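Undergrad: Right, I'll just put the structure down here and ask away after.
The values are calculated or read from the model by the stated rules, or taken from the named source; none is laboratory data. All of these numbers come straight from a predicted model, not from anything done at the bench. We place every Cβ from the backbone using ideal geometry, glycine too, and count neighbours over all the protein chains shown.
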Amino acid sequence: MNEQPAPKIVIQENGPYEVTGEPILTKRAQSESIYGEPLDWDLVGTEDADYERRKRYLLCRCGQSNTKPYCDGTHEKIDFDGTLTATRGERTRIEGVGISLTDDQTLCEHAGFCGTRFTNVWAMMEFTKDPEVRERARRMIANCPSGRLGFGPGYEDLEPEFEPSVATIKDGPLWVRGGIEVDSHDGETFQKLNRMTLCRCGRSENKPYCDGSHKDAGFQAD
């Protein structure tokens, strides 16, 4: 009996993301407080929360497909430059009480889960002796979609468990979850993360990762 191949993403040269291995493709959006602060992740819709399950997806990377999230070949018509410019960042670490925070700024997509109008997760680490502060910091780190924030050595069990899947974030990037391998068209493998966000507006200066450029560009997509 043949085993199902592991989900994988290959980034085509100046073209789409080729997703194989039949991962779930779904829709996500941030729920927010009355102050516009992100609180959690919600499925978008009910019956249409998941896209049709396919063995192979070609997902738009240029931001201008008329069939988002799928590629319709528009990248060829607009001469899309999808050069992969990301460099591997170095993680810094902050130790707390019962928790450890790691941070790679190069992966940030500015989702906003790391802070509120009163404080931020970096400042909170000093006060994690308080179990309520520690739990709040844990939730904030776990909700970071890009993997910029993570849990340090000894605290890997705090990392959320995800089925290998790809989620479209409303008006934002692709949220790749569950440790899916991401390779460039020439065979380079990017760092394997439990969660990462990949640009789908075509404007990131840190491709393939999202750098928040979709917000300035006014990108819109389910």
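Undergrad: Go through the range 147-165 and report how many residues are part of a strand (DSSP E or B) and either within 19 Å of Ser213 (Cβ to Cβ) or at pLDDT below 95 (or both).
TA: Within the range 147-165, residues that are part of a strand (DSSP E or B) and either within 19 Å of Ser213 (Cβ to Cβ) or at pLDDT below 95 (or both) number 1.
Undergrad: So for the range 188-203 (the condition being touching a residue at least 12 places away in the same chain (Cβ under 8 Å), basic (Lys, Arg) and not assigned by TED's automatic domain parsing to the domain that holds Pro69), does at least one residue qualify?
TA: Among the residues of the range 188-203, not one is touching a residue at least 12 places away in the same chain (Cβ under 8 Å), basic (Lys, Arg) and not assigned by TED's automatic domain parsing to the domain that holds Pro69, which makes the answer no.
Okay, residues lined up against (1) more than 23 Å from Ile11 (Cα to Cα); (2) surrounded by 14 or more Cβ atoms within 10 Å (Cβ to Cβ):
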position	(1), (2)
Thr74	no, yes
Asp79	no, no
Gly82	no, yes
Gly89	no, yes
Gly96	yes, yes
Leu101	yes, yes
Cys108	no, yes
Thr116	yes, yes
Met124	yes, yes
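Undergrad: Restricting attention to the range 197-210, which residues are more than 18 Å from Lys170 (Cβ to Cβ) and buried (at least 23 other Cβ atoms within 10 Å of the Cβ)?
TA: Pro208, Tyr209
Undergrad: State which residue is farthest from Ala221 (Cα to Cα) when the search covers only the range 1-36 and only residues that are exposed (fewer than 15 other Cβ atoms within 10 Å of the Cβ) and acidic (Asp, Glu). Let's see the steps before the verdict.
TA: First, the residues of the range 1-36 that are exposed (fewer than 15 other Cβ atoms within 10 Å of the Cβ): 1-6, 13, 31-36.
If we keep only those that are acidic (Asp, Glu) too, we end up with 3, 13, 32.
Working: Glu3: 34, Glu13: 23, Glu32: 19 Å.
The qualifying residue farthest from Ala221 (Cα to Cα) is Glu3.
Undergrad: So if I check each of Gly150, Gly179, which one is outside the structural domain of Pro23 (by TED's automatic domain parsing), surrounded by 14 or more Cβ atoms within 10 Å (Cβ to Cβ) and within 22 Å of Arg91 (Cβ to Cβ)?
TA: Gly150
Undergrad: Any idea which residue in the range 140-164 is farthest from Gly202 (Cα to Cα), counting only those that are touching a residue at least 60 places away in the same chain (Cβ under 8 Å) and more than 11 Å from the chain's Cα centre (by Cα)?
TA: Glu163
Undergrad: Which of the residues spanning the range 57-67 are surrounded by 18 or more Cβ atoms within 10 Å (Cβ to Cβ) and assigned to a loop (DSSP other than H, G, I, E, B)?
TA: Listed by number, the residues that qualify are Cys60, Arg61, Cys62, Gly63, Ser65.
One line per residue, one yes/no per condition, for (1) among the hydroxyl-bearing types (Ser, Thr, Tyr); (2) modelled with pLDDT under 95; (3) under 20 Å from Leu174 (Cα atoms):
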residue	(1), (2), (3)
Gln12	no, no, yes
Lys27	no, yes, yes
Asp42	no, yes, yes
Gly45	no, yes, yes
Tyr51	yes, yes, yes
Lys55	no, yes, yes
Ser65	yes, no, yes
Tyr70	yes, no, yes
Ala86	no, yes, yes
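Undergrad: For the range 172-205, what are the residues that are within 14 Å of Phe162 (Cα to Cα) and among the aliphatic types (A, V, I, L, M)?
TA: Result: Val176, Ile180, Leu193, Met196.
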